[in-house]
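Student: My questions will all concern the structure given below.
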Amino acid sequence: MSPETYKALIAKLGLTQEAAGLAFGVSARTGQRWAVDGPPKVVAMLLLAIRDKRDLAKLSARYSSSSS
């Protein structure tokens, strides 16, 4: 995935570069680096699979509750 596509998809989800990094379990700085170099394949695949903010919220809630 190109950095431009990554930035467009996280913007559609209402995420900053830093928040995107944190949402994927890495540092805010890594989220920024993906905006320059492009994200890893697994992150790109998830971003393409998540269609909107509700999907992201459901995914986050599912894994937040299962990890406690």
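Every number in this text was worked out from the coordinates using simple rules, so none of it is lab data. Treat the numbers as computed from the prediction; the structure is a model and nothing was measured. Note that we place each Cβ from the backbone using ideal geometry, even for glycine, and neighbour counts take in every protein chain shown.
Student: Work from the charge dipole of the range 3-66 (Cβ charges, +1 for Lys and Arg, -1 for Asp and Glu, about the Cα centre) and give the residue of 56, 30, 13 farthest towards its positive end.
Tutor: Positive-most Cα among the choices belongs to 56.
Student: Among 62, 33, rank each residue by its count of other Cβ atoms within 10 Å, from fewest to most, as a rough exposure measure.
Tutor: Going from least to most buried by this count: 62, 33.
Student: Just how large is the dipole of the chain about the Cα centre, in debye to the nearest 20, putting +1 at every Lys and Arg Cβ and -1 at every Asp and Glu Cβ?
Tutor: 160 debye
Student: Give the cross-link partners of residue 53 among the lysines, using a straight C-alpha distance below 19 Å as the criterion and excluding same-chain residues fewer than 8 apart.
Tutor: Qualifying lysines at Cα under 19 Å: 7, 12.
Student: How would the range 21-68 be classified by its alpha-carbon gyration tensor: rounded, prolate or oblate, with rounded meaning a/c under 1.5 and the a/b versus b/c comparison settling the rest?
Tutor: oblate
Student: Here is a follow-up. Show me the ranking of peptides 18-24, 48-54 by mean Cβ neighbours inside 10 Å, starting with the highest.
Tutor: The most tightly packed comes first, giving 18-24, 48-54.
Student: In nanometres, what is the gap between the two model label sites at residue 64 and residue 49, each 7 Å from Cα along Cα-to-Cβ?
Tutor: 2.0 nm
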